[in-house]
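Below is one structure, written out as structure tokens; comments come after it.
Since every read-out is calculated from the coordinates, none of them should be taken as a lab result. The model shown is predicted, which means the values in this text are computed figures rather than measured ones. A quick note on method: Cβ atoms are made from the backbone with ideal geometry, for glycine too, and the neighbour counts reach across all protein chains shown.
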Amino acid sequence: MTSVIAGAVVMLTYILLAVAYGLFMVGVHRKLVARMQNRKGPPVIQPFYDLLKLLGKENLSYRASSHEIWLEMALIAILLATLSVVPIKNGIYAPNSNIIWTVFLLSAAQLFIIFAALGSLSIFGEIGGIRALLQFVSYEGAFIISTLYPVYAVTGDFIIPFKTANPMLKLFPIMAAAFLIVMVAQLHMQPFNIPNAHQEIVAGYATEFSSIPYAIAEVVNALKLYTLTSIFTILYLNGPLSLTKFILTSLTIVFIISIIRTAIARTRITTAIKIYTALTLILAVYVVVRSYVWV
């Protein structure tokens with residue numbers, strides 16, 4: 001009984017730290033983008049202020065809306081995905097070390113957010129949800145290939161290795177680049193912020209979220225950034241890394257996606273679908289050639 005309680009305390013502590021660091025990375029991203037645009041920008045800890053403010057707000061929603069239950073499901077899925085990767089010393093969290101499980105949970109969290117948008121009974125939410133669904137379908141193939149194939153090619157199964165002879169970034173640079181490109185779309189960041197383009201559809205899928213439901217959506221987004229960064233670190237940089245190296249690596253990734261957001265304007269949904277469809281086909285051809293030609 002004592003060991004169960006101790007394990008629960010450890011997991012809860014890790015989740016709280018992951019939420020805190022995810023919010024910190026969001027704050028760093030916002031600050032970097034502001035400086036790149038020659039603005040002062042908000043303080044790095046602004047996401048923490050926003051979260052506390054949202055928790056004290058009144059929740060306003062349509063009585064018949066079903067978006068809150070889907071947001072709660074998204075939070076559960078992303079929490080489980082977060083627990084499946086621990087990028088410090090001990091590496092992978094033993095019960096969920098299969099990369100298929102982590103990919104499934106990340107995809108489920110994204111789908112639940114889309115269902116929440118469609119269930120919000122808002123025209124802006126519905127349009128944002130449909131855009132998010134179209135974008136999800138277009139990039140999911142590239143995400144699955146860039147995440148699963150390197151593990152299978154090196155180990156012969158889908159259990160993430162603690163260490164490899166060479167970093168997978170060196171073995172599969174195309175896969176690593178594809179992962180980062182897909183990561184931008186999964187976080188709904190420019191140039192793939194089509195589902196929440198405020199110039200067109202206010203806040204898109206999040207238009208009708210307020211108070212605690214909106215806070216949940218923000219926590220899900222922060223944890224998604226943290227989890228994707230952790231997967232890249234463990235998968236492609238021969239992780240697990242020390243805590244200091246992980247922080248430096250994760251902030252470097254945030255810097256890269258900040259440059260992408262600042263340098264490239266938002267694309268059309270049709271253009272985004274073409275980009276990710278082409279990326280998926282390129283990765284599929286790469287897998288076939290590498291598996292059956294480069295033997």
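Observations on the model:
- Projected label points at residue 244 and residue 274, each 7 Å from Cα along the beta carbon direction, are separated by 4.8 nanometres.
- Packing-based ranking of 11-24, 132-145 yields 132-145, 11-24, ordered from highest to lowest mean Cβ neighbour count within 10 Å.
- Segment 208-295: C-alpha gyration tensor shape, a/c 1.5 cut-off, then a/b vs b/c: oblate
- Most tightly packed first, judged by the mean number of other beta-carbon atoms within 10 Å of their residues, the peptides 123-130, 151-158 read 123-130, 151-158.
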